[in-house]
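Below is one structure, written out as structure tokens, with a few remarks after it.
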Amino acid sequence: MAQTKTPTAETPTLVVEGVGKRFGDRQAVRDVSFEVARGELLAIIGPNGAGKTTLLSIIGDIRRPDGGTVRQLGPKADKRIGWVPQQTAVYSKLTVAQNLRLFARLEKVDDLDATVQRMLEQTALTERADDELGSLSGGNRQRVNIAVGMLADPPVLLLDEPSGALDPRQRQRLWNFITGLTQRGTSVVFATHDISEAERHADRVLVLADGELLFDGTPARLHSESGAAEGEDMEQAFVAFLRAQGH
Amino acid sequence: MRWLLLKDMQILWRSKLLLGLLIVYPIAIATLMGLALSSGPDKPRVAFLNQVPENRSTISLGSEKIDVSTYTDKLFTQIDRVDVPNRSQALAKVKSGAVLAALVIPSDFTSKLSNSGLTGASVEVIYNGDALKQSFVRNTINSTLAQAEAELAKQVNRLASGYIDVILEGGSINIIGAKLKLLGLTAAKDLVDSVLADDPRPATRRRLLPVQDFATLAVANIGLAKSVLNTVERPVVVENTVLSGRRTPLDAFAVAVAVTISLMFVCVLLASGLLALEREENTFARLARGLVPGGQLITAKVVLSAGCAFLVSLVMLVGISAFVPLDWGRAWMWVLALAGGALAFAALGVAIGSLAREVRAASLLAFLLSLPLAFLALVPSGGVSPALYDVIRVISAVFPFKPALGALDGALNGSSPGLGQSLAHLAALIAVFGVAARAGLRRFA
């Protein structure tokens with residue numbers, strides 16, 4: 001079970017209210033509302049096609065919702081939300097440093113060199129700065145992918161299936177990195193269908209199925225409310241919870 | 001936008017194969033084009049067997065003899081002659097591919113020519129090789145034979161005209177070594193006229209009047225026979241009058257076509273690939289989150305690909321000018337035409353790129369679309385039915401190849417419809433394809 005961390009501030013940094021999105025006949029997201037506190041690590045879990053990526057893309061301003069609002073609050077509310085897509089969205093023909101420098105310029109960061117250097121250090125890729133991205137391992141590419149999302153020092157970072165293509169060692173490094181971000185006050189929202197990962201790392205989980213928000217609480221509470229038998233793990237508890245909710 | 005341009009240039013710089021092609025391509029194409037346009041094809045190697053005995057190489061026309069070898073020698077100004085001693089050797093050389101054809105002049109060539117005239121004699125040509133080579137050799141031999149025939153006909157004409165002059169005005173001719181003096185029709189008529197004037201007896205007049213009439217008519221009309229002979233020697237005289245349309249020499253037009261095709265491929269492939277790359281690398285969604293407006297993204301791709309293609313085609317033109325004379329006084333027009341064409345092709349490229357999710361798919365789509373459109377634009381009026389040509393004209397007007405070719409042809413050669421009209425056409429296409437690309441990006445955002 002995850003250690004429950006206390007968010008560092010009472011005021012939420014992100015407020016999602018009544019967000020909905022329809023693609024043709026399919027309602028991808030239905031009237032979803034929740035808040036994210038500063039420094040909180042929030043997992044959005046659900047089966048495939050639950051609407052996790054759509055919800056993240058609405059929060060990240062990639063897609064427009066049919067209804068509802070997404071608001072940022074707090075001292076850095078004017079800053080853009082950081083977004084890290086499921087697949088690495090960086091240029092494989094450029095070096096690590098060139099990628100960071102390009103996106104830092106496009107984000108119009110104040111101190112370009114210092115920002116790039118900071119991100120290289122945070123991602124532990126300083127020695128690989130001049131390597132072409134295509135020559136890096138999947139884990140390192142994902143670190144650059146996340147670093148690009150973090151360049152503008154966003155108050156909220158969205159991660160879509162961040163560890164999907166990584167081996168256990170790379171995954172551990174990645175989570176150490178993300179945990180470090182939350183400790184510095186960044187709110188992180190990540191979507192995953194890996195329930196054990198959500199249980200291990202998230203402060204709070206949202207359960208989404210068929211676009212509907214079914215649960216908002218800690219992993220421990222989800223386990224206890226799932227109706228799972230004692231001794232059953234989180235994944236079994238999650239399946240039991242969905243079944244109980246008619247999914 | 002400059003950072004996007006810088007990024008794309010860095011990507012191009014790191015794509016060694018693509019960069020190498022961009023540098024090597026214009027140089028190679030310019031050299032090949034220049035060499036092809038500035039040097040004619042090699043003479044075809046043709047085996048030659050003359051079976052006419054040396055002592056029978058002349059034909060007799062009246063009292064004069066013509067040496068046929070004078071005319072057969074003219075054949076070899078356009079043919080690489082390989083003498084063979086007999087027909088089997090000629091066949092063997094053709095079969096082995098040592099020569100493309102064999103030309104055999106049979107032993108009875110001169111006797112037939114003497115007895116039956118120009119239509120009675122024949123020569124044999126034996127071909128081998130593929131259809132293209134056969135066609136090349138056949139055309140070469142036919143044209144050189146026609147030239148030799150024309151030379152022979154000229155000689156015959158000259159002799160015949162001489163005889164007509166003797167018949168008309170009188171003179172001497174050689175018949176089997178004997179020199180005969182002829183009175184001539186004019187003198188004969190004068191004699192008849194004087195006899196009739198001196199002797200007005202009705203019987204004499206009755207008998208001589210038809211002779212006088214014949215002589216009068218003959219004197220008046222036999223000169224026409226020379227004109228008839230001249231007509232046979234050169235039946236049709238072609239006088240060229242161009243009312244409108246192209247006045248460009250073929251090689252100068254070929255330069256415009258080659259450079260426009262290169263401009264099109266470099267531009268369309270690069271622009272479509274650069275835009276599709278944003279999808280393939282998943283960076284499009286990241287850029288579209290307010291980092292780079294769609295219009296700027298499209299403009300950056302258009303500017304970079306048009307710039308690269310412009311340089312490539314300009315290098316090509318300069319390279320070709322070393323082989324084919326181009327008017328450097330019109331160089332500023334080349335620049336305008338290339339720039340207009342490059343921007344229009346780049347706009348088409350980004351429109352294609354906005355439809356594809358991968359660079360490979362975009363390149364394939366660009367290639368499949370561009371090549372047939374270029375061929376369509378080159379279909380001449382009259383080459384197909386009028387209705388089909390109207391359809392082709394409409395299709396060609398919707399895509400940049402034809403106006404780009406028109407602009408470059410106008411810039412290089414001053415041909416119609418002219419640079420200004422073509423540039424206006426290209427500007428309209430840039431706007432249309434730019435809007436289409438923007439719509440394509442929105443659809444996939």
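The values are calculated or read from the model by the stated rules, or taken from the named source; none is laboratory data. Predicted, not measured: the structure shown is a model, and the values here were computed from it. Cβ: placed from backbone, ideal geometry, glycine included. Neighbour counts: every protein chain shown. Just so you know, the surface numbers come from the protein's heavy atoms only, side chains and all, with ligands and any DNA or RNA stripped out. Shrake-Rupley method; radii C 1.70, N 1.55, O 1.52, S 1.80 Å.
What to note about this one:
- Each residue of the stretch B:5-11 was assigned a 3J(HN,Hα) from its phi angle through the Karplus curve 6.51 cos²θ - 1.76 cosθ + 1.60 (θ = phi - 60°); the sequence is 4, 4, 4, 5, 5, 5, 5 Hz, with glycine and proline shown as x.
- Peptide A:81-89 has a mean of 3 when you count, residue by residue, the C-beta atoms of other protein chains within 10 Å of its C-beta.
- Note: relative contact order over the stretch A:88-153, using C-alpha pairs below 8 Å and six or more positions apart, is 50 percent.
- Backbone HN-Hα couplings from phi across the stretch B:308-319 [Karplus 6.51/-1.76/1.60, Hz, Gly and Pro as x]: 5, 5, 4, 4, 4, 6, 5, 4, 4, 4, 5, x
- Spatial separation of Cα centroids for the stretch B:298-351 and the stretch B:1-27, in angstrom: 16 Å
- Per residue, in Å², the accessible surface of the protein assembly as shown once ligands and nucleic acids are set aside, probe 1.4 Å: 50 Å²
- Helix content alone sets the calculated 222 nm mean residue ellipticity of the protein assembly as shown: runs of n ≥ 4 DSSP H residues at -39500 (n - 2.57) each, divided across all residues, give -18500 deg cm²/dmol.
- Other-chain or far-sequence residues with amide H under 5 Å of A:Thr95's (modelled H): A:Leu133
- Cross-link partners of B:Lys93 among aspartates and glutamates (Cα-Cα below 20 Å; sequence separation of 8 or more within a chain): B:Asp42, B:Asp80, B:Asp83, B:Glu124, B:Asp130
- B:Leu100 accessible area, assembled protein chains, probe 1.4 Å, Å²: 40 Å²
- Estimated dipole of the stretch A:88-153 in Debye, rounded to 20 [Cβ of Lys and Arg +1, of Asp and Glu -1, Cα centre]: 260 debye
- Net +/- balance of residues flanking B:Leu185 in space, Cβ distance below 13 Å, scoring K and R +1, D and E -1: -4
- Karplus-based coupling profile of the stretch B:335-340, in residue order and whole Hz: 4, 5, 5, 5, 5, x, with θ = phi - 60° in 6.51 cos²θ - 1.76 cosθ + 1.60 and x standing for Gly or Pro.
- Reach of A:Lys108 by Cα under 25 Å, taken over lysines that are not fewer than 8 positions away in the same chain: A:Lys76, A:Lys79, A:Lys93, B:Lys7, B:Lys301
- For the residues of B:273-280, the average number of beta carbons from a partner chain within 10 Å of their own beta carbon is 1.
- Cross-link partners of B:Lys226 among lysines (Cα-Cα below 21 Å; sequence separation of 8 or more within a chain): B:Lys65, B:Lys154, B:Lys189
- Debye, to nearest 20: dipole size of chain A, +1 on Lys, Arg Cβ, -1 on Asp, Glu Cβ: 560 debye
- Within the accessible area of the stretch A:88-153 (1.4 Å probe), percent carbon and sulfur: 40 percent
- Based on C-alpha pairs under 8 angstrom that are at least 6 apart in sequence, chain A has a relative contact order of 28 percent.
- Ordering A:Gly211, A:Gln27, A:Gln72 by the projection of their Cα atoms onto the charge dipole of chain A, which places +1 on the Cβ of Lys and Arg and -1 on the Cβ of Asp and Glu, puts A:Gln72 at the extreme positive end.
- Delta accessible area of at least 40 Å² on complex formation, residues of the stretch B:1-24, 1.4 Å probe, chain isolated as reference: B:Trp3, B:Lys7, B:Gln10, B:Ile11, B:Arg14
- Amide proton proximity set for A:Phe190, modelled H, under 5 Å, gap of 5+: A:Leu42, A:Ala43, A:Ile44, A:Leu159
- Between B and A, roughly 2200 Å² of accessible area is buried in total, ligands, DNA and RNA not counted and the probe set to 1.4 Å.
- Here the scattering of the stretch A:88-153 is modelled by Debye summation over its C-alpha atoms, one equal scatterer each and no solvent; at q = 0.19 Å⁻¹ the log10 of I(q)/I(0) is -0.58.
- The packing ranking, built from the mean of other Cβ atoms within 10 Å per residue, places the peptides A:38-51, B:398-411, A:119-132 in the order B:398-411, A:38-51, A:119-132, highest first.
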